[in-house]
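Below is one structure, written out as structure tokens; the observations come after it.
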Protein chains: 2
Amino acid sequence: MTVHIDGRAIAYEVRARVAAEVAAAFPDPATAPGLATVLVGEDPASAVYVANKRRAVREAGMRDLHRALPAGTTQAGVAAVIDELAADPAVDAILLQLPLPPGLDAAALIDRIPAGKDVDGLTTHSAGLLARGEQGLRPCTPSGVIELLESTGVTIRGANAVVVGRSALVGHPMAELLLQRDATVTVVHRHTADLAAVTRTADILVVAAGVPAMIGAEHVKPGATVIDVGIHRTDNGLTGDVRIAELDGIATRVTPVPGGVGPMTIAMLMVNTLRAAGHGQSARCSRS
Amino acid sequence: MTVHIDGRAIAYEVRARVAAEVAAAFPDPATAPGLATVLVGEDPASAVYVANKRRAVREAGMRDLHRALPAGTTQAGVAAVIDELAADPAVDAILLQLPLPPGLDAAALIDRIPAGKDVDGLTTHSAGLLARGEQGLRPCTPSGVIELLESTGVTIRGANAVVVGRSALVGHPMAELLLQRDATVTVVHRHTADLAAVTRTADILVVAAGVPAMIGAEHVKPGATVIDVGIHRTDNGLTGDVRIAELDGIATRVTPVPGGVGPMTIAMLMVNTLRAAGHGQSARCSRS
């Protein structure tokens, strides 16, 4: 019997806890934590993502401080907006929506965000704090995976955890978060000689390869927990990196796509916004 | 037939290459790269280490810019010296010798060193650059291990690499450097359930646990390369974390203690000093 981890329900609970904590800590809504989302250009997918984030902020009782910049905004123009938000004490958290229009240097712009307002945990400084295990804001998606694991009772300490993929956004910080929780962590990638031999050692298998349906029954140890971070739009709807149907009766727990990791990203963004404002015990990983 | 990797010889070659490059790039010794070593207090071991580093700097034709501060120097006092060195264009590289006397906050002082002068690669910013795979100065000991591996013809890409230990100084950056060279990397530590089962998967086993003689024949796959970063003073002389005699005929290559990794640390410090001055192709890992 393989449990499908209900990411929507867990995300809902996290967001409800954030809302309750905001209401308790900030009786005056005008002083509630404020998240500045910065959207450059007209990319429709980005517009939808930012709209979802802004709605979540408002639903949590926090302040929605959006900035829309035209597609032709220069590097210096975006930098000036970020610097203004960085200096503004009314702004607790800054999110620069990616990808940016061609010609803009995303890494350089992200690094203008002060670590304390880096709600996506993507600056070089935040990466350094994570690498050193120091207090800081962690990237939302891998934080959401930790929340999923811990809220469903998966023991991380001492477990063999294998992370497929090593992106700056997910795979790499995922490995760090698992290591800091005392898992034995292996990172695999396209140069790994025998992928299945490694993934079959995993008690916790986190797949963030960005390759549709690449992981199946032959990659999974009986009893494992399998977390699928992939999301791909296909003719048959949304699918992940994992052939989840094959794992029925093999894995103990899996995350579906959609409805698994996806909803956690916005939930953890809410946690991080609250943390950036100096609060937030709303999620287990906020205590790291 | 197990090869003992001759760290002294490789370190000598690296230092000779640095000296040659310094001589070619800086015909005027007064403008050669300058390393400022900062030693606080009278710890005899630290005094020896710093004296060795300073001698290596001079032998490489670089400028030895030492600062000795009395044991009672305050946090603000050390900070002021670092800030002065950070602002001085004649100083290319800064090394704060650890450990510091009790009462001083080493992490806070190290983080005052600008990333470009952070010759030990220990600031939060340098850790972030490493985590993100961006240009930066890397910690000297793990860089030295990479140099040992590459200069002895060990293939890192696609190899199974296991790192025992996860310290900020060695184990953690070691795993990062191996991952960036496309090894499949596993980090093990005291919470790892079955240490030998994991280490026996390693083509490259780097032991940086700080526990004398903890790794022996039962932990090593035939044909592996075993790098021993440990160094311990015992009644029988210096020993490492590895029971090296047991590996004869099992491992393909091992590093002895002393004479393996140890000499590489100062060699890589010379490479990093040259790199901090904007030069340095003297070692393979300077190209990362």
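Numbers for the structure displayed
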{"item": "Hits in region B:104-134 - residues which are modelled with pLDDT under 95 and more than 9 Å from chain A (Cβ to nearest Cβ)", "result": "none"}
{"item": "Residue list for region B:266-288, filter: at pLDDT 95 or above and more than 14 Å from the chain's Cα centre (by Cα)", "result": "B:Leu274, B:Arg275, B:Ala276, B:Ala277"}
{"item": "Flag if B:Asp235 is more than 13 Å from every other protein chain (Cβ to nearest Cβ) and not small (Gly, Ala, Ser)", "result": "yes"}
{"item": "Verdict on B:Gly158 being open to solvent by 10 Å² or more (accessible area, probe 1.4 Å), within 18 Å of the chain's Cα centre (by Cα) and facing chain A (nearest Cβ under 10 Å)", "result": "no"}
{"item": "Which listed residue is out of contact with any helix residue (DSSP H, G or I) (no Cβ under 7 Å at 6 or more places or on another chain) and farther than 19 Å from A:Glu84 by Cβ, from A:Ala127, A:Ala107", "result": "A:Ala107"}
{"item": "Options B:Ala9, B:Ala25, B:Ala47, B:Ala60; residue that is buried (at least 20 other Cβ atoms within 10 Å of the Cβ) and more than 16 Å from B:Asp120 (Cβ to Cβ)", "result": "B:Ala60"}
{"item": "Among residues of region A:184-195, those that are buried (at least 19 other Cβ atoms within 10 Å of the Cβ) and more than 8 Å from chain B (Cβ to nearest Cβ), counted", "result": "1"}
{"item": "Selected residue [touching a His at 6+ places or on another chain (Cβ under 7 Å) and not charged (D, E, K, R)] from A:Thr73, A:Thr37", "result": "A:Thr37"}
{"item": "Only one of B:Glu13, B:Glu42 that is farther than 30 Å from B:Ala245 by Cα and not assigned by TED's automatic domain parsing to the domain that holds B:Ala245", "result": "B:Glu42"}
{"item": "Qualifying residue in region B:143-154 (condition: within 13 Å of another protein chain (Cβ to nearest Cβ) and in a loop (DSSP other than H, G, I, E, B))", "result": "no"}
{"item": "Flag if A:Gly41 is crowded, with 18+ Cβ neighbours inside 10 Å and of a type outside the set (Lys, Arg)", "result": "yes"}
{"item": "Hey, B:Ala202 at pLDDT 95 or above, surrounded by 16 or more Cβ atoms within 10 Å (Cβ to Cβ), small (Gly, Ala, Ser) and over 15 Å from B:Val261 (Cα atoms) or not", "result": "yes"}
{"item": "Residue, most open to solvent (accessible area, probe 1.4 Å), within region A:116-127, restricted to residues that are under 18 Å from A:Val170 (Cα atoms) and outside any loop (DSSP other than H, G, I, E, B)", "result": "A:His125"}
{"item": "Region A:168-197 residues that are in the same structural domain as A:Val145 (by TED's automatic domain parsing), paired with ones that are hydroxyl-bearing (Ser, Thr, Tyr) (beta carbon under 6 Å, 6 or more apart)", "result": "A:Val170/A:Thr141; A:Thr184/B:Thr192; A:Thr186/B:Thr186; A:Val188/B:Thr184; A:Thr192/B:Thr184"}
{"item": "Counted residues, region A:128-138 - those being surrounded by 24 or more Cβ atoms within 10 Å (Cβ to Cβ) and either over 20 Å from B:Gly136 (Cβ atoms) or of a type in the set (A, V, I, L, M, F, W, C) (or both)", "result": "4"}
{"item": "Condition met for B:Ala168 (modelled with pLDDT under 95, open to solvent by 10 Å² or more (accessible area, probe 1.4 Å) and within 11 Å of chain A (Cβ to nearest Cβ))", "result": "yes"}
{"item": "For A:Ala209: the one exception among (1) more than 14 Å from chain B (Cβ to nearest Cβ); (2) within 21 Å of the chain's Cα centre (by Cα); (3) open to solvent by 10 Å² or more (accessible area, probe 1.4 Å)", "result": "(1)"}
{"item": "Selected residue (criterion: nearest to B:Leu65 (Cα to Cα)) from residues of region B:75-105 that are under 18 Å from the mean Cα position of the chain (by Cα) and open to solvent by 30 Å² or more (accessible area, probe 1.4 Å)", "result": "B:Leu98"}
{"item": "Those residues of region B:6-30 which are assigned to a loop (DSSP other than H, G, I, E, B) and over 19 Å from the mean Cα position of the chain (by Cα), in sequence order", "result": "B:Phe26, B:Pro27, B:Asp28"}
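The values are calculated or read from the model by the stated rules, or taken from the named source; none is laboratory data. Keep in mind that this is a model prediction, so the values were computed, not measured. For neighbour counting, all protein chains shown are included, and Cβ atoms are generated from backbone atoms with ideal geometry for every residue, glycine included. Ligands, DNA and RNA are excluded from the accessible area calculation, which covers all protein heavy atoms including side chains. Shrake-Rupley method; radii C 1.70, N 1.55, O 1.52, S 1.80 Å.
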